[in-house]
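Note sheet for the following structure.
The values are calculated or read from the model by the stated rules, or taken from the named source; none is laboratory data. Quick caveat, the model's predicted, so the values are computed rather than measured. Methodologically, a virtual Cβ is constructed for each residue, glycine included, from the backbone with ideal geometry; neighbour enumeration extends over all protein chains shown. Surface accessibility is based on the protein's heavy atoms, side chains included, excluding ligands, DNA and RNA. Shrake-Rupley method; radii C 1.70, N 1.55, O 1.52, S 1.80 Å.
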Amino acid sequence: MIKHTLFVCTTCASKWQDGKKIGESGGEKLFEEISCLYEDWELEAEFHIQAIQCMSACNRPCAVSFAATDKYTYVFGDLSSEDTAQAILECAGQYHAKSDGILSWKERPEALRKGIIARIPPLV
């Protein structure tokens, strides 16, 4: 069985003052929203969710990524709205269902159509 991972950048949309992060970042909020939905998600046992510090998509916050062995890896950004968590899990479910991981633009939820940063081929 292929193990899937959803990475969520928790440093995205951080506010800084005098070199110190203040308050909760947009990425931390998005991770919390996804985590709440994840607990009741039908694919919870097959999809690992992992908080990551800095995915180097700072100009496109908030960023998430879907990855799995032998599948394309996707990186999405511009996901800062509050209703995005459900769309991310919906798209993750589509990713899970594809043997190669390729997600068609028109099938993806609206929130993940314009925010694509990269589609990285699987290692051979």
Restricting the stretch 90-108 to residues that are in a helix (DSSP H, G or I) and without any contact (Cβ under 8 Å) to a residue 60 or more places away in the chain, the residue that is surrounded by the fewest Cβ atoms within 10 Å (Cβ to Cβ): Lys106
Take the residues in the stretch 46-71 that are of a type in the set (A, V, I, L, M, F, W, C), closer than 13 Å to Ala92 by Cα and out of contact with any His (no Cβ under 8 Å at 6 or more places or on another chain); name whichever of them is most open to solvent (accessible area, probe 1.4 Å). Ile49
Which of the numbered conditions does Leu30 fail, given that it passes all the others? Conditions: (1) surrounded by 14 or more Cβ atoms within 10 Å (Cβ to Cβ); (2) assigned to a loop (DSSP other than H, G, I, E, B). (2)
Taking the stretch 57-71 and keeping residues under 20 Å from Glu28 (Cα atoms), in contact with a Gly (Cβ under 9 Å, 6 or more places away or on another chain) and part of a loop (DSSP other than H, G, I, E, B) leaves Ala57, Asn59, Arg60, Pro61, Cys62, Ala63
Of the criteria (1) surrounded by 12 or more Cβ atoms within 10 Å (Cβ to Cβ); (2) in a helix (DSSP H, G or I), which one Tyr74 fails: (2)
Subset of the stretch 7-51 [among the hydrophobic types (A, V, I, L, M, F, W, C), more than 15 Å from Ser80 (Cβ to Cβ) and at pLDDT below 90]: Trp16, Ile22
